[in-house]
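Worksheet for the structure shown next.
The values are calculated or read from the model by the stated rules, or taken from the named source; none is laboratory data. These figures come from a predicted structure and were not determined experimentally. Note that we place each Cβ from the backbone using ideal geometry, even for glycine, and neighbour counts take in every protein chain shown.
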Amino acid sequence: MFWYFLLLLAGYLIGSVNSAILLVRSKFKRDVRASGSGNAGATNVARVYGTAIGVLTLACDVGKAVIACLIGWAAMGRTGLMTAGLGCLIGHCWPLFFKFKGGKGVAVAAGTLLALDWRMFLIIISLFAMCVLLWGRVSLGSIVGVAAFPPLYYLFHGADAALAVGTVMCLLVVFQHRQNIRRLIHGEEPRFTANSGKGK
């Protein structure tokens, strides 16, 4: 358990390096959490500051999750991978370096999934893309994607400790989308549109 705790802590510290906050602060001298939805994630960055920096934020968030997960895999196998991914997700959502106010964890979950199993990654990304293309709601695609993780994991790998850790990750992502879920239920969730890139 001690080693799993260290992996959780290492993942948390890596996840606390929030790409959205750092990139927007560097380029626009602003705090992304004071713009748009107030979320420090790739979707809000793209919506307010432009597609290019939004994609860069997404790549950085996915990348940090992959790095954390590879450390976890090298140390403790698949369960170590998921434990480090969980720590990275917690750090992304509640970053130590940025007053514990970060993003919703979708890109980190995607990076963890990519490190875990490329087959599952492609299936879930396809589900996400289908939801966004059909309904224009990134939040809906994110929720559908994480909801698909437990059954897909069981299908490919069976029931084990990594599935339990992954399920906790999914629940945290859904929890972070609680306001979006309320808006979806009431038909008030806005469609996703990217900014021209000049910011607001």
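Among the residues that make up the stretch 56-66, is at least one of them more than 24 Å from GLY158 (Cβ to Cβ), assigned to a loop (DSSP other than H, G, I, E, B), small (Gly, Ala, Ser) and touching a residue at least 40 places away in the same chain (Cβ under 8 Å)?
no
Every residue in the stretch 115-161 that is farther than 15 Å from GLU189 by Cα, crowded, with 16+ Cβ neighbours inside 10 Å, among the hydrophobic types (A, V, I, L, M, F, W, C) and more than 16 Å from the chain's Cα centre (by Cα), please.
Residues satisfying the conditions are ILE123, LEU152.
Would a scan of the stretch 109-127 turn up a residue that is in a helix (DSSP H, G or I), under 14 Å from VAL173 (Cβ atoms) and not hydrophobic (A, V, I, L, M, F, W, C)?
yes
Which one of GLY41, GLY72, GLY80, GLY85 is crowded, with 19+ Cβ neighbours inside 10 Å and touching a Phe, Trp or Tyr at 6+ places or on another chain (Cβ under 7 Å)?
Answer to the check: GLY80.
With the checklist (1) surrounded by fewer than 24 Cβ atoms within 10 Å (Cβ to Cβ); (2) modelled with pLDDT of 95 or more in hand, flag the one item THR51 doesn't pass.
Exception for THR51: condition (2).
Looking at the stretch 3-10, is at least one residue out of contact with any Cys (no Cβ under 7 Å at 6 or more places or on another chain), surrounded by 19 or more Cβ atoms within 10 Å (Cβ to Cβ) and part of a loop (DSSP other than H, G, I, E, B)?
Checked the stretch 3-10: no residue is out of contact with any Cys (no Cβ under 7 Å at 6 or more places or on another chain), surrounded by 19 or more Cβ atoms within 10 Å (Cβ to Cβ) and part of a loop (DSSP other than H, G, I, E, B).
Filter the stretch 37-54 down to the residues that are in a loop (DSSP other than H, G, I, E, B) and within 18 Å of the chain's Cα centre (by Cα), then identify the one that is farthest from TRP94 (Cα to Cα).
Ranking the candidates gives SER37 first.
Table: residues versus (1) free of Cβ contacts under 8 Å to residues at least 12 places away in the same chain; (2) within 18 Å of CYS131 (Cβ to Cβ); (3) in contact with a Ser or Thr (Cβ under 8 Å, 6 or more places away or on another chain).
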{"site": "PHE156", "(1), (2), (3)": "no, no, no"}
{"site": "ALA159", "(1), (2), (3)": "yes, no, no"}
{"site": "ALA162", "(1), (2), (3)": "no, no, yes"}
{"site": "VAL168", "(1), (2), (3)": "no, no, no"}
{"site": "VAL174", "(1), (2), (3)": "no, yes, no"}
{"site": "HIS177", "(1), (2), (3)": "no, yes, yes"}
{"site": "ASN180", "(1), (2), (3)": "no, yes, yes"}
{"site": "GLY187", "(1), (2), (3)": "yes, yes, no"}
{"site": "THR193", "(1), (2), (3)": "no, yes, no"}
